[in-house]
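Worksheet: one structure, shown below.
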Amino acid sequence: MPLRMRTPADYQEQYARSISDPEGFWSDMALHFFWRKPHHTTLEWNFEKPSIKWYQGAQLNISENCLDRHLKDKSDQTAILWVPNDPGEDSVSISYAELHQRVCTCASALIDLGIGKGDRVVLYMPMVPELAVAVLACARIGAIHSVVFAGFSAQALADRVDDAQASMIICSDYSRRGAKIIPIKAVVDDAMELSCDSVQHVIVHAHTGGDISWHDHDHRWSELMQRASRTCEATVMESEDPLFILYTSGSTGKPKGVVHSTAGYMVYAAYSFTNVFQYDPGDIYWCTADIGWITGHTYIIYGPLLAGATTMMYEGVPTYPDAGRFWQICEQHRVSQFYTAPTAIRALMVHGHHFPEQYDLSALKVIGTVGEPINEEAWHWYNQYIGRHRAPIVDTWWQTETGGIMITSLPGITDTKPTYAAYPLPGIRPVLVSPEGDLIEENEKEGLLCIDYPWPSMIRTTYGDHERCRQTYFSAFSGKYFTGDGARRDADGRIRVIGRVDDVINVSGHRLGTAEIENAINEQSSVIESAVVAYPHDIKGQGICAFVICDIDRPDLSSDVCLTVRKIIGPVATPDRIYIVSSLPKTRSGKIMRRILRKIACGESDGIGDTSTLLNPECVDLIIRQVEKEDMQ
Ligand code: WT7
């Protein structure tokens with residue numbers, strides 16, 4: 001069976017096969033890769049534990065599949081096309097041969113510093129080619145990479161390094177984002193001061209060459225690469241060996257390390273990339289995500305390179321030097337597949353369609369979105385001004401935990417409908433259930449989105465805490481993976497994902513836990529208690545609204561709270577609105593009633609309903625009045 005579907009009939013046929021014979025289906029998909037040893041058992045699973053094992057008996061290395069495998073036919077083809085932040089600066093093409101060489105050299109350098117199979121390496125870097133090289137170098141020697149988004153604070157970085165017990169951090173000196181130069185190494189220095197006791201070495205890549213302070217544990221990237229061997233045999237991995245950890249937020253305060261394994265992730269990354277983007281030789285594919293998120297892992301690095309594609313990596317921001325930058329890059333490089341987030345579309349939409357109209361976007365064949373529900377208005381704008389009614393939109397639903405795209409239209413194969421992610425990929429079995437766990441079989445109904453059967457790239461565990469993985473994803477509904485999302489199925493079976501039903505909020509496509517933000521706010525001296533809820537935000541999708549009780553009244557408290565949150569988590573978690581209140585609505589058992597606060601933050605105070613069961617019903621009116629007063633100012 002080919003990896004790629006091309007027609008509606010292919011989709012029907014493959015979907016049917018994936019249901020009637022899932023193991024045969026996924027066993028066939030594995031034939032499209034290079035294995036040191038083939039698998040003997042396609043799947044063994046138990047969602048109660050959970051224990052999920054794909055392709056047992058197989059041995060492989062994913063970097064060989066991304067690189068070595070293509071050297072015969074594609075050594076001169078561009079693997080990574082890097083577009084720098086500044087429009088005046090030239091882009092850089094890295095061929096498969098060169099990328100292979102750079103990955104081998106970096107892998108040798110890591111070995112020289114004592115890194116080996118199973119060791120954790122944290123990468124804290126901007127969008128530079130060295131980040132992709134470092135990711136693949138870890139994979140080559142079996143070290144488990146954990147990329148931390150370079151917008152996180154020193155404390156957030158240190159928390160992740162400590163949880164992973166990483167023995168190394170690889171970072172850059174500075175990052176460039178639009179007109180700003182942001183210190184990166186200094187954040188690592190601060191993290192090392194805070195904790196990070198497991199870290200023995202820090203490798204520093206000089207990106208801007210700006211001044212940095214230096215410690216005994218620091219090594220220069222360029223010096224290490226000069227000294228290291230240019231060849232590096234790939235370490236043979238077992239199918240279920242962990243490939244990477246990626247931290248993501250949940251409903252409790254502490255981010256969890258989602259663990260992905262090698263063989264299943266590889267098969268699904270390539271399979272989903274090939275089908276969703278319908279990549280053809282010669283195409284230039286561009287995903288605008290940051291490699292610090294799962295989208296960057298699967299659809300900038302692994303998926304495209306496994307498929308032998310040319311993947312573009314852009315260092316900068318959508319609005320620099322102006323709101324036409326994305327479209328200028330699409331024109332200049334004749335981008336064929338473009339994949340971005342609804343928040344970016346909304347942010348650019350505000351600047352007007354004369355920006356995209358200035359550029360030739362005729363090379364675009366597929367345009368995609370990911371990360372949050374796309375509103376109707378943004379969908380139509382994207383369709384009209386970017387896709388120009390010619391390049392279909394793929395609204396792709398998935399999660400850090402799913403490893404790859406689960407629900408989406410397939411361009412030119414299945415239909416599209418605004419705001420609907422639509423159809424599951426073959427091999428994926430989404431179901432809707434009621435809060436009581438009953439299966440919702442009729443269409444035109446809403447429910448909680450679960451997945452009924454394993455797929456190769458699913459989460460295997462949460463690092464260091466398997467019980468948390470079981471609790472979070474496998475305990476709500478027996479025998480199902482629970483996504484945390486609510487969804488609706490239309491009359492024809494298309495799925496629309498509405499959003500989270502837990503205490504997770506999605507700000508500009510960044511996933512944050514309300515508890516995590518509250519913990520950060522509570523670190524601010526003079527804060528006694530806080531409650532964070534989301535409200536609809538025109539550009540970010542959701543905004544962060546914090547209700548805070550403090551022991552003294554000072555005028556600058558809100559800005560101090562913002563600073564504290566930036567310090568503890570990072571700028572993405574900064575509250576958009578802060579209300580200093582004298583009490584929070586609580587149940588008799590002392591639990592904060594966030595439902596009420598959510599109504600107030602969303603401007604729906606009229607719909608709050610009965611508050612008589614609260615411990616302190618009188619506070620609700622006080623809060624409403626205060627919010628109205630402050631919003632007037
Ligand atoms: C959550 C996962 C998957 C990579 C980026 C985000 C929301 C994601 C869609 C979509 C509606 C979406 C869900 C999901 N989400 N894609 N196409 N339509 N909602 O990964 O940080 O793990 O967040 O993002 O709520 O659970 P993540």
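The values are calculated or read from the model by the stated rules, or taken from the named source; none is laboratory data. Note that the structure is predicted; figures quoted are calculated from it, not measured. Note: ideal-geometry Cβ built from the backbone for every residue, glycine included; neighbour counts use all protein chains shown. Remember, those area values only see protein heavy atoms, side chains included, never the ligands or the DNA or RNA. Shrake-Rupley method; radii C 1.70, N 1.55, O 1.52, S 1.80 Å.
Compute the relative contact order of the stretch 504-632 as a whole-number percentage, counting only Cα pairs closer than 8 Å that sit 6 or more residues apart in sequence.
Relative contact order comes out at 21 percent.
Based on the alpha-carbon gyration tensor of the stretch 378-438 and its eigenvalue square roots a ≥ b ≥ c, which shape applies: rounded if a/c is under 1.5, prolate if not and a/b is larger than b/c, or oblate?
prolate
First compute the accessible area of the chain with a 1.4 Å probe, then give the percent of it belonging to carbon and sulfur atoms.
49 percent
Could you compute Rg(Cα) / (2.2 N^0.38 Å) for the stretch 112-224, with N its residue count?
That works out to 0.97 for the stretch 112-224.
Which translational diffusion coefficient, to the nearest whole µm²/s, is obtained for the stretch 233-366 from the Stokes-Einstein equation, given a Kirkwood hydrodynamic radius over C-alpha pairs, 10 °C and 1.306 mPa s?
Taking Rh from Cα pairs, D becomes 96 µm²/s.
In the chain, what percentage of the DSSP-assigned beta bridges are antiparallel, given to the nearest 5?
60 percent
Given +1 on the Cβ of Lys and Arg, -1 on the Cβ of Asp and Glu, and no further charges, what dipole in debye does the chain carry about its Cα centre, rounded to the nearest 20?
Roughly 780 debye, rounded to the nearest 20.
Just flag the GluC sites (Glu not before Pro) in the stretch 429-518 sitting in loop per DSSP whose Cβ has no more than 15 other Cβ atoms within 10 Å.
Here the GluC sites (Glu not before Pro) that fit, given the DSSP loop and packing criteria, are GLU436, GLU441, GLU442, GLU444.
What does the convex hull of the Cα atoms of the stretch 504-632 come to per residue, in Å³, rounded to a whole number?
Here the figure is 107 Å³ per residue.
What percent antiparallel are the DSSP beta bridges of the stretch 504-632, to the nearest 5?
Given both bridge residues lie in the stretch 504-632, the antiparallel proportion sits at roughly 80 percent.
If we restrict to alpha carbons, what Rg and Dmax does the stretch 1-159 come to, in Å?
Radius of gyration, then largest Cα-Cα span, for the stretch 1-159: 19.4, 55 Å.
Given a 1.4 angstrom probe, what's the average accessible area per residue across the chain, in square angstrom?
Per-residue value: 38 Å².
Could you work out the helix-only [θ] at 222 nm for the chain, with each DSSP H run of four or more residues adding -39,500 (n - 2.57) and the total divided by the number of residues, to the nearest 500 deg cm²/dmol?
-8000 deg cm²/dmol
Place the peptides 473-485, 394-406 in order of packing, highest mean first, counting for every residue the other Cβ atoms within 10 Å and averaging per peptide.
394-406, 473-485
Counting Lys and Arg as +1 and Asp and Glu as -1, what is the net charge of the other residues whose Cβ lies under 13 Å from the Cβ of VAL128?
Combined, the nearby Lys, Arg, Asp and Glu give -2.
Can you tell me how the stretch 504-562 classifies by the Cα gyration tensor, rounded, prolate or oblate, using a/c under 1.5 as the rounded cut?
The shape class here is prolate.
For ILE578, what residues show an amide H to amide H distance below 5 Å, using hydrogens built from the backbone and excluding near sequence neighbours?
For ILE578, whose amide H was placed from the backbone, the distant partners under 5 Å are ALA546.
Dipole magnitude of the stretch 504-632 about its Cα centre, charges +1 at Lys/Arg Cβ and -1 at Asp/Glu Cβ only, in debye to the nearest 20?
So the dipole magnitude of the stretch 504-632 works out to roughly 420 debye.
So what is log10(I(q)/I(0)) for the chain at q = 0.09, 0.10, 0.12 1/Å, when the Debye sum runs over its Cα atoms only?
Values returned for q = 0.09, 0.10, 0.12 Å⁻¹ are -0.73, -0.92, -1.36.
In the chain, with Lys and Arg counted as +1 and Asp and Glu as -1 at Cβ, which of these residues, GLY609, VAL188, ALA307, has the Cα nearest the positive end of the dipole, that is, farthest along it?
Most positive-ward Cα: ALA307.
Considering the dipole of the chain built from charges on the beta carbon (Lys and Arg +1, Asp and Glu -1) around the Cα centre, which of SER478, SER75, CYS562 is farthest to its positive end?
Of SER478, SER75, CYS562, it is SER75.
For the stretch 52-93, what is the Kirkwood hydrodynamic radius in Å, using each pair of distinct C-alpha atoms?
Over the stretch 52-93, the inverse of the mean reciprocal pair distance is 13.4 Å.
Kirkwood hydrodynamic radius of the stretch 98-175 from all distinct Cα pairs, in Å?
12.5 Å
Simple spin-label model, 7 Å along Cα-to-Cβ: TRP45 to LEU622 in nm?
5.1 nm
Measure out, as a whole number of angstrom, how far apart the alpha-carbon centroids of the stretch 50-96 and the stretch 187-210 sit.
Taking the Cα centre of the stretch 187-210 as reference, the centre of the stretch 50-96 is 26 Å away.
Say the dipole of the chain comes from +1 at the beta carbon of Lys and Arg and -1 at that of Asp and Glu; which of TYR285, LEU512, MET349 then lies farthest toward its positive end?
TYR285
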